[in-house]
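For reference, the structure is listed below as structure tokens.
The values are calculated or read from the model by the stated rules, or taken from the named source; none is laboratory data. Quick caveat: nothing in here was measured; it's all calculated off a predicted structure. Counting neighbours? That spans all protein chains shown, and the Cβs are built from the backbone with ideal geometry, glycine included.
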Amino acid sequence: MTSTAASGVSGPIALFFGTRPQVIKASVLRECLAAVGPVVAVDTGQHYDYALHRVHYEQLGVREPDACLDVGSGSHAAQTGAILSACEAWLGQHRPRLAVVIGDTNSTLACALAAVKLAVPVAHVEAGMRVGDRYMAEEINRRVVDAVAELLFAPCERVAHDLRSQFADAQVEAVGDVAYDVLRRALPRAPRLDGVEGYDPAWGREFVYATLHRAELVDAPARLGRVMEGLGRSPLPCLLAAHPRTAAALKRLGCASHGNVRVTEPVGYLDSIALVRDAAAVVTDSGGLQREAYWLGVPCGTVRRETEWVETVECGGNRLVPPEQGADLPAAIAQAARRRVGEGPWNRGAYGDGHAAERIAGVLAQRFQGAASSSR
Ligand code: UD1
């Protein structure tokens with residue numbers, strides 16, 4: 001490494017994750033990074049519910065983590081602080097040569113900070129994503145993590161270009177999106193929908209798959225109410241897999257039924273990609289689902305004002321419907337369902353070719369080789 005980092009070149013690579021989508025991405029990274037050297041997988045425990053988290057270990061056959069920090073939920077400060085302390089203690093004991101963090105959650109932020117403060121170099125996977133909202137929890141996390149990381153792995157060249165102009169002292173690489181690696185590998189194992197909880201076989205492919213989980217939407221009763229009203233008047237039945245935060249908010253909102261919407265628990269990853277694959281349209285505020293719909297050629301309505309994944313909108317596969325305009329959802333769904341395109345006429349190559357994790361491993365192998373020869 002070119003930095004003044006204190007850790008040696010011989011320790012393990014520490015791979016940190018803690019939320020549902022991170023478990024999934026970490027599974028592929030863990031496998032590919034093993035070609036570079038020993039990898040230690042650390043789950044912070046930010047997510048802990050069976051339906052939200054554990055099911056992914058079981059469904060994907062993901063190996064148990066080597067360590068779990070068991071931090072659980074809390075306010076942003078409490079949760080970030082708990083991960084920071086627990087991660088610092090863990091790092092002090094294990095002295096990895098590199099800390100790999102993924103995405104933009106409180107786990108990403110806290111593990112990156114704990115590492116860099118102990119002079120352990122940080123590599124950020126899914127670096128550089130922005131929407132220009134400095135008060136959004138994930139955007140704060142991304143900005144800070146990109147600023148302290150020594151290696152920035154961007155999902156596409158557009159993002160890598162922006163990062164290079166901001167962080168001249170970091171190594172920036174456009175490697176593609178690890179989420180695509182995971183999707184390509186998992187798709188053959190995605191089940192038929194008949195057995196998926198909450199799905200009604202009478203729907204065939206004429207249904208909408210929806211997820212909502214972001215605090216900005218779910219914790220704002222007026223916005224959530226508008227979106228639920230819009231989904232309730234959807235021309236197609238709608239299966240809403242509700243994050244625990246969403247389920248609690250819907251209960252507080254007090255609407256016992258939501259017209260055409262059937263609310264279920266969060267579904268496992270394989271069920272989720274099966275639902276995307278077979279849906280007429282997807283409605284979501286999740287970055288992961290926006291890309292999965294894009295790759296699978298299924299039109300998506302994103303209930304946000306903006307998206308980090310602008311290429312999905314530019315190609316016509318994704319349409320932004322701000323929550324305040326929830327009344328537009330029925331028309332957006334009808335339009336999307338007419339455009340369902342199976343394999344998709346749009347170019348699906350914006351975020352690489354499904355080999356991002358291998359590229360990341362290749363970059364790390366080169367860096368470690370360089371560091372080893374310069375320390376001889
Ligand atoms: C987090 C990430 C978000 C990511 C999402 C993936 C942050 C700031 N946000 O959001 O970027 O898209 O994970 O799913 O890190 N809860 C449970 N069971 C659990 C975990 C959480 O019931 O296993 C409830 C708790 O009431 C908790 C709330 O969900 O307070 C929010 O959880 P939290 O981890 O703070 O953030 P997410 O909304 O899940």
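Below are the figures for this structure:
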read-out: Filter result for A160 (touching a residue at least 40 places away in the same chain (Cβ under 8 Å) and of a type in the set (A, V, I, L, M)); value: no
read-out: Pairs with Cβ under 9 Å, 6+ apart, first in the range 100-112 and touching a residue at least 24 places away in the same chain (Cβ under 8 Å) and closer than 15 Å to E139 by Cβ, second more than 7 Å from the ligand (Cβ to nearest atom) and of a type in the set (S, T, Y); value: T105/T44; N106/T44; N106/T80; L109/T80
read-out: Selection within the range 82-119 - within 19 Å of A154 (Cα to Cα), not small (G, A, S) and not in a helix (DSSP H, G or I); value: L98, V100, V101, I102, D104, T105
read-out: Of residues in the range 125-142 being away from the ligand (no atom under 13 Å from the Cβ) and within 18 Å of A170 (Cβ to Cβ), the one surrounded by the most Cβ atoms within 10 Å (Cβ to Cβ); value: A127
read-out: Some residue of the range 333-349 being within 23 Å of the chain's Cα centre (by Cα) and modelled with pLDDT of 95 or more; value: yes
read-out: Residues of the range 349-360 that turn out to be buried (at least 20 other Cβ atoms within 10 Å of the Cβ) and either among the aliphatic types (A, V, I, L, M) or closer than 20 Å to V122 by Cβ (or both), as a count; value: 4
read-out: Every pair of residues 6+ apart whose Cβ atoms lie under 6 Å, when the first sits in the range 266-286 and is closer than 18 Å to A334 by Cβ while the second is within 12 Å of the ligand (Cβ to nearest atom) and outside any helix (DSSP H, G or I); value: T284/T211
read-out: Hits in the range 248-275 - residues which are under 24 Å from G297 (Cα atoms), among the aliphatic types (A, V, I, L, M) and touching a strand residue (DSSP E or B) at 6+ places or on another chain (Cβ under 6 Å); value: V261, V267, L275
read-out: Hits in the range 348-363 - residues which are out of contact with any helix residue (DSSP H, G or I) (no Cβ under 7 Å at 6 or more places or on another chain) and over 18 Å from V159 (Cα atoms); value: G362
read-out: Options V71, V116, V122, V62: the member that is within 12 Å of the ligand (Cβ to nearest atom), farther than 25 Å from T307 by Cα and free of Cβ contacts under 8 Å to residues at least 60 places away in the same chain; value: V71
read-out: First in the range 241-254 and within 12 Å of the ligand (Cβ to nearest atom) and among the hydroxyl-bearing types (S, T, Y), second anywhere and part of a helix (DSSP H, G or I) and modelled with pLDDT of 95 or more, Cβ under 9 Å, 6 or more apart; value: T246/L217; T246/V218; T246/L224
read-out: Qualifying residue in the range 216-230 (condition: of a type in the set (A, V, I, L, M, F, W, C), within 25 Å of the chain's Cα centre (by Cα) and closer than 25 Å to F17 by Cβ); value: yes
read-out: So D200, is it among the acidic types (D, E) and closer than 30 Å to N260 by Cα; value: yes
read-out: Test for A26: is it crowded, with 24+ Cβ neighbours inside 10 Å and within 12 Å of the ligand (Cβ to nearest atom); value: no
read-out: When residues of the range 90-111 are limited to those that are within 13 Å of the ligand (Cβ to nearest atom) and either over 15 Å from the mean Cα position of the chain (by Cα) or at pLDDT below 95 (or both), the one surrounded by the fewest Cβ atoms within 10 Å (Cβ to Cβ); value: A110
read-out: Count - residues of the range 197-215 that are in a loop (DSSP other than H, G, I, E, B), more than 16 Å from the ligand (Cβ to nearest atom) and surrounded by fewer than 22 Cβ atoms within 10 Å (Cβ to Cβ); value: 6
read-out: Contacts under 7 angstrom Cβ, first residue in the range 347-361 being among the hydroxyl-bearing types (S, T, Y), partner in a loop (DSSP other than H, G, I, E, B) and surrounded by 23 or more Cβ atoms within 10 Å (Cβ to Cβ), 6 or more apart; value: Y351/P155; Y351/G176; Y351/D177
read-out: Some residue of the range 40-52 being at pLDDT below 95, over 19 Å from A112 (Cβ atoms), charged (D, E, K, R) and more than 10 Å from the ligand (Cβ to nearest atom); value: no
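Residues checked against (1) touching a strand residue (DSSP E or B) at 6+ places or on another chain (Cβ under 8 Å); (2) over 23 Å from G362 (Cβ atoms):
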residue: P21; (1), (2): no, yes
residue: I24; (1), (2): no, no
residue: L29; (1), (2): yes, no
residue: G45; (1), (2): yes, yes
residue: A77; (1), (2): no, yes
residue: W90; (1), (2): yes, yes
residue: K117; (1), (2): no, yes
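The rows are residues; the columns are (1) away from the ligand (no atom under 16 Å from the Cβ); (2) over 23 Å from V182 (Cα atoms); (3) in contact with a Lys or Arg (Cβ under 6 Å, 6 or more places away or on another chain).
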{"site": "G18", "(1), (2), (3)": "no, no, no"}
{"site": "P21", "(1), (2), (3)": "no, no, no"}
{"site": "R30", "(1), (2), (3)": "yes, no, no"}
{"site": "V36", "(1), (2), (3)": "yes, no, no"}
{"site": "R54", "(1), (2), (3)": "no, no, no"}
{"site": "A82", "(1), (2), (3)": "no, yes, no"}
